[in-house]
Structures are given as C-alpha cells and as structure tokens.
C-alpha cells in the first residue's frame with residue numbers, strides 16, 4: 001500500500017516506522033525538516049519538507065495514487081483540512097485525522113471523517129489501569145467508543161446462554177475460546193467452565209457488563 005503521513009512528530013514518526021516495517025510504501029511530510037531526525041536510520045520511506053496542505057506538495061508525494069493518509073500534525077485545524085481534502089478531492093480510500101479536541105473529533109466524525117482523539121482514548125485507558133477490573137481491553141475501535149475486551153466466564157455465567165449477557169447496541173459476545181479453539185457463538189450457546197469470552201462493548205456500558213458477569 002502507498003500511504004502518506006502528514007506530520008513527523010512522535011506519533012507520525014512512530015507510525016511511519018511501523019508501516020515501513022510492514023513493507024508499505026510510506027511518504028512522510030513535515031514543514032520542519034529537522035523533524036525527520038525522529039525517524040530511525042532504517043526508515044526506507046520518502047521524506048518531504050513543506051506544508052501538509054500544499055496541493056503541489058501533496059501531488060508530488062503521490063496523493064492521487066495513495067491508498068491511505070494519516071494527518072497527525074500538532075494542529076487540529078491542519079489535520080482536519082488535509083484529511084477532508086484527501087478524502088473529498090483526491091478520493092483517498094482510507095483517511096484518518098488526529099484531533100486532540102474531543103469536541104472537534106466528534107463533529108468531524110459526524111461529517112464522515114475518521115478521527116482519533118488521543119486525549120479521550122488516553123483518559124479511558126488510564127482509568128482502566130488505575131481501577132481494578134476483570135476485563136482485559138484488547139483494542140479500541142473507531143474513535144474509542146467501542147472496546148473489544150476479554151473476560152473469563154465467571155461462576156455466575158456457567159450454564160447460562162450468550163443471550164443472557166447480550167444488550168443490543170451495547171454488549172455483544174463476538175467469540176468464545178474453549179479448550180484451545182475459538183468459536184462464533186449463537187444466542188443459544190451455553191457458557192462452560194474455562195470459557196474465555198471476547199466481547200464488543202460500548203465504553204459507557206462497561207459497568208453494566210461487570211454486573212452481568214457477576215464481577216461488580
């Protein structure tokens with residue numbers, strides 16, 4: 001894949017390095033040429049200095065042939081502009097913008113722009129680390145509203161069905177690992193001792209899940 005990264009701060013440099021190691025064709029842009037010092041010597045991608053919203057520079061970077069673009073500068077405004085230009089003008093298939101202001105992130109998400117809000121995500125993760133919970137977060141989806149978590153079937157669940165811990169639109173058991181194999185359950189699947197549950201949960205519904213699991 002050909003991927004453009006706008007901004008070579010710690011996030012942009014780390015992302016560029018990770019994608020390059022996955023053998024993707026990466027071009028990273030930053031208006032400060034010294035920012036590229038954050039890249040490891042092993043980085044094999046292209047480095048261009050200049051404004052990330054400069055149409056000529058974007059064309060030179062190959063935005064018209066890009067499979068994805070990440071706008072991760074330190075400016076919410078720049079990131080939003082670049083991301084919208086990439087998606088609406090150049091029709092880049094996958095576009096993500098970093099927006100530190102959660103309110104702006106929500107506004108642009110409603111406009112159809114995929115965003116990440118590090119502050120919102122960080123608050124949620126720190127709260128999880130500080131507060132004991134039997135749930136093990138695996139990954140956050142989208143802008144962090146939905147988590148994939150793992151939990152061992154509690155004694156309260158043994159003999160009960162998946163339907164008993166399903167709340168439509170809030171909590172869903174997406175898979176169960178049982179005796180070394182993972183299965184996709186139905187609503188009638190019965191929990192057994194030793195089951196490892198993989199659940200999709202709204203962040204605001206985590207406490208309700210604890211109650212359903214009998215862990216609260």
Could you tell me which numbered condition residue 110 fails, if it satisfies all but one of (1) more than 17 Å from residue 15 (Cα to Cα); (2) in contact with a strand residue (DSSP E or B) (Cβ under 9 Å, 6 or more places away or on another chain)? (2)
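Restricting attention to strands (runs of 3 or more DSSP E) lying wholly within region 1-116, give those where 2 or more residues are more than 23 Å from the chain's Cα centre (by Cα) and outside the structural domain of residue 145 (by TED's automatic domain parsing).
On the way: elements: 2-6, 25-30, 46-49, 68-71, 94-98, 114-116.
Answer list for region 1-116: 46-49.
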Per-region count, region 160-174, residues closer than 16 Å to residue 146 by Cα and either in a strand (DSSP E or B) or in contact (Cβ under 8 Å) with a residue 60 or more places away in the chain (or both): 5
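Being without any contact (Cβ under 8 Å) to a residue 40 or more places away in the chain and in contact with a helix residue (DSSP H, G or I) (Cβ under 8 Å, 6 or more places away or on another chain): is that true of residue 39 here?
Working: without any contact (Cβ under 8 Å) to a residue 40 or more places away in the chain: yes; in contact with a helix residue (DSSP H, G or I) (Cβ under 8 Å, 6 or more places away or on another chain): yes.
Criteria met by residue 39.
What number of residues within region 131-157 satisfy the criterion of being more than 30 Å from residue 75 (Cα to Cα) and either at pLDDT below 65 or part of a helix (DSSP H, G or I) (or both)? Give the steps one after another, and end with the answer.
Step one: filter region 131-157 for residues more than 30 Å from residue 75 (Cα to Cα), giving 131-136, 149-157.
Pick out the ones that are also either at pLDDT below 65 or part of a helix (DSSP H, G or I) (or both) and you get 131-134.
The total comes to 4.
Which members of region 176-189 meet the condition of being surrounded by fewer than 16 Cβ atoms within 10 Å (Cβ to Cβ) and either in contact with a strand residue (DSSP E or B) (Cβ under 7 Å, 6 or more places away or on another chain) or closer than 30 Å to residue 106 by Cβ (or both)?
To start, the set of residues in region 176-189 that are surrounded by fewer than 16 Cβ atoms within 10 Å (Cβ to Cβ) comprises 177, 179-184, 186-188.
If the condition is that a residue be surrounded by fewer than 16 Cβ atoms within 10 Å (Cβ to Cβ) and either in contact with a strand residue (DSSP E or B) (Cβ under 7 Å, 6 or more places away or on another chain) or closer than 30 Å to residue 106 by Cβ (or both), then 177, 182, 183, 184, 187, 188 are the ones that fit.
From 28, 5, grab the single residue that is at pLDDT 95 or above, under 22 Å from residue 141 (Cα atoms) and crowded, with 19+ Cβ neighbours inside 10 Å. Steps first, please.
Working: 28 fails: under 22 Å from residue 141 (Cα atoms).
5 is the lone residue from the list that is at pLDDT 95 or above, under 22 Å from residue 141 (Cα atoms) and crowded, with 19+ Cβ neighbours inside 10 Å.
The values are calculated or read from the model by the stated rules, or taken from the named source; none is laboratory data. Predicted model, so just to flag it, every value in this text is computed and none were measured. Because the Cβ atoms are built from the backbone with ideal geometry, glycine has one as well, and the counts that use them run over all protein chains shown.
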